[in-house]
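Below is one structure, written out as C-alpha cells; the observations come after it.
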Amino acid sequence: MIEHIEGAADAALVRVAAAATADEVRALEAELLGKRGPFAGFKSGLAGLATVDEKRSAGQAVNDATAAVAEGLDLRRRELAKAERATQLAAERIDLTEVMTRPRRGHAHVVTQAWERLEDVFIGLGFQIAEGQHVETDWYNFEALNMPRDHPARSMHDTFYVQHGEEGEPGSTVLRTHTSPVQIRVMQTVPPPIYMVMPGRVFRNETTDATHLAVFHQLEGLVIDRGITLADLAGTIESFTKAFFGADFGSRLRPSYFPFTEPSAEFDIQTPSGQWLELGGCGMVHPNVLRAGGLDPEEWSGFAFGFGIDRMAKERHAIADVREMYSNDLRFLEQF
Ligand code: PHE
C-alpha cells in the first residue's frame, strides 16, 4: 500500500507542476486533496489493514503524501503568480529612451547673460550691487536728479505715467525712465563711501526700432567718497572697458550734458580695429543731487555713469536689430 501511496503522490506532483493557471491549480487541489481524492481513499483503506504496525506506517505515508502534495500546490501557485506579475510588467513597460536621450535645457537670455557678466566685472572692481524699483515717484526719477517740473531735459524722457489710487496726483508716479533714481535711494540709505552699481529695467514711451526699445535695461554706477575727481571717473571707465571687452579696447570721455552731473560726458569705447562706439553717459554728481540724497557736497564728492545693458549685448554679439532679442524666437535665442 505504501508503494501505491508514494506512486500516487509522485503522479499528483507531476500534474501539479504542469498546471498552467491558478484555476487549474485550484481544480487540482479539489481533485487531489478533496473527499473523493486518492489520499482520502487511502485513508479509509487503512481500516482494512491487518496489523497496527501496518496501519501506523501506511497512515504516516498518507500524511506525508498529503503534505507533499499540498506543498507542491502552494509552490506552483506562487510560481504562477510570479510569472503573471512578470508578464504584466513586461506588457505595461513604457520605453522612455526617446524622451530621455535629448533633454532640452534652457539657458539664460542673452541680455541676462550680459547683465550677469557686467555684475561680475564690477564686483571684481570692488563694487556692490543694488536694485531699485520699476515704479518711481516723479521726485526720485526727476526732481531729486536736478530736473524740476519745467526743466527742458524732461522732454528727452518720454515718460509712462502710472495712475495709482483715487487721490494719486496725476503725473506724480512714473515707470522709471532710467536707473538714476536708484542713486538717490542708495545715497539715502547707505552711508558713504559708496561704490555701487545698480542694474535694472527701465521704460520709455517711444516707438521701437532697430536701436530703441520701450522696455530696456540700464546699469547705473555711483561712487561717493572724499576727494573723488574726474580722473577717478575716467580711470574707472577705462578699467571697466578693459575688464569687460578686453585689454585691447580703450575708452574716452566726450563733453556732454546731463542735469544730474556737472561736468558731464558721454563715454565711448574704442574697438581693436580703431572704431569708436558710444556707450553711455557719466559725470561728477551735481551738488543738488548729493543734497537730495542727504549728503553734504562740502564733505562728499563722487561720480556716476549709466549705460544700456541691451546695447552691450547687441554690440558684443553684433546683433543687427535689438527687437530680435525680445521676439521669443528660440532659433535666434539659442545662438547665445
Ligand atoms: N541716466 C542717464 C540716461 O539714462 C545716463 C547717466 C547716468 C548719465 C549717470 C550720467 C550719469 O541717459
| task | Name the single residue, out of those in segment 140-150 being exposed (fewer than 14 other Cβ atoms within 10 Å of the Cβ) and not basic (Lys, Arg), that is nearest to residue 219 (Cα to Cα). | result | 148
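Does residue 153 qualify as being farther than 25 Å from residue 298 by Cβ, within 14 Å of the ligand (Cβ to nearest atom) and surrounded by fewer than 17 Cβ atoms within 10 Å (Cβ to Cβ)?
Values: farther than 25 Å from residue 298 by Cβ: yes; within 14 Å of the ligand (Cβ to nearest atom): yes; surrounded by fewer than 17 Cβ atoms within 10 Å (Cβ to Cβ): yes.
Judged against the criteria, residue 153 is a match.
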| Which ones in segment 296-336 are within 16 Å of the ligand (Cβ to nearest atom) and either of a type outside the set (Val, Ile, Thr) or free of Cβ contacts under 8 Å to residues at least 24 places away in the same chain (or both)? | 301, 302, 303, 304, 305, 306, 307, 308, 310, 311, 312
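For every residue, the table says whether it meets (1) touching a helix residue (DSSP H, G or I) at 6+ places or on another chain (Cβ under 6 Å); (2) of a type in the set (S, T, N, Q); (3) within 15 Å of the ligand (Cβ to nearest atom).
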| position | (1), (2), (3) |
| --- | --- |
| 120 | no, no, no |
| 137 | no, yes, no |
| 143 | no, no, yes |
| 159 | no, yes, yes |
| 166 | no, no, no |
| 185 | no, no, yes |
| 188 | no, yes, no |
| 199 | yes, no, yes |
| From the list 25, 16, 62, which residue is part of a helix (DSSP H, G or I), at pLDDT 90 or above, surrounded by 12 or more Cβ atoms within 10 Å (Cβ to Cβ) and in contact with a Gly (Cβ under 8 Å, 6 or more places away or on another chain)? | 16
| When residues of segment 90-118 are filtered for being under 30 Å from residue 216 (Cα atoms) and under 19 Å from the mean Cα position of the chain (by Cα), how many remain? | 14
| request: Would you check if residue 101 is free of Cβ contacts under 8 Å to residues at least 40 places away in the same chain and farther than 20 Å from residue 336 by Cβ? | output: yes
| So is residue 225 in contact with a Ser or Thr (Cβ under 9 Å, 6 or more places away or on another chain), of a type in the set (D, E, K, R) and away from the ligand (no atom under 13 Å from the Cβ) or not? | yes
| said: Looking only at residues that are within 40 Å of the chain's Cα centre (by Cα) and closer than 20 Å to residue 231 by Cβ in segment 290-303, which one is surrounded by the fewest Cβ atoms within 10 Å (Cβ to Cβ)? | reply: 290
| said: Would you confirm, using the coordinates I've provided, whether residue 195 is within 14 Å of the ligand (Cβ to nearest atom), more than 18 Å from residue 216 (Cα to Cα), modelled with pLDDT of 90 or more and hydroxyl-bearing (Ser, Thr, Tyr)? | reply: no
| said: in contact with an Asp or Glu (Cβ under 6 Å, 6 or more places away or on another chain), in a helix (DSSP H, G or I), surrounded by 10 or more Cβ atoms within 10 Å (Cβ to Cβ) and touching a residue at least 12 places away in the same chain (Cβ under 8 Å): is that true of residue 80 in this structure? | reply: no
| Just checking, which of 331, 311 is among the basic types (Lys, Arg) and surrounded by 14 or more Cβ atoms within 10 Å (Cβ to Cβ)? | 311
| task | Mind telling me which of the residues 255, 287, 263, 272 ends up being within 16 Å of the ligand (Cβ to nearest atom) and loosely packed, with under 13 Cβ neighbours inside 10 Å? | result | 255
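The values are calculated or read from the model by the stated rules, or taken from the named source; none is laboratory data. Owing to the predicted nature of the structure, the values given are computational and were not obtained by experimental measurement. Because the Cβ atoms are built from the backbone with ideal geometry, glycine has one as well, and the counts that use them run over all protein chains shown.
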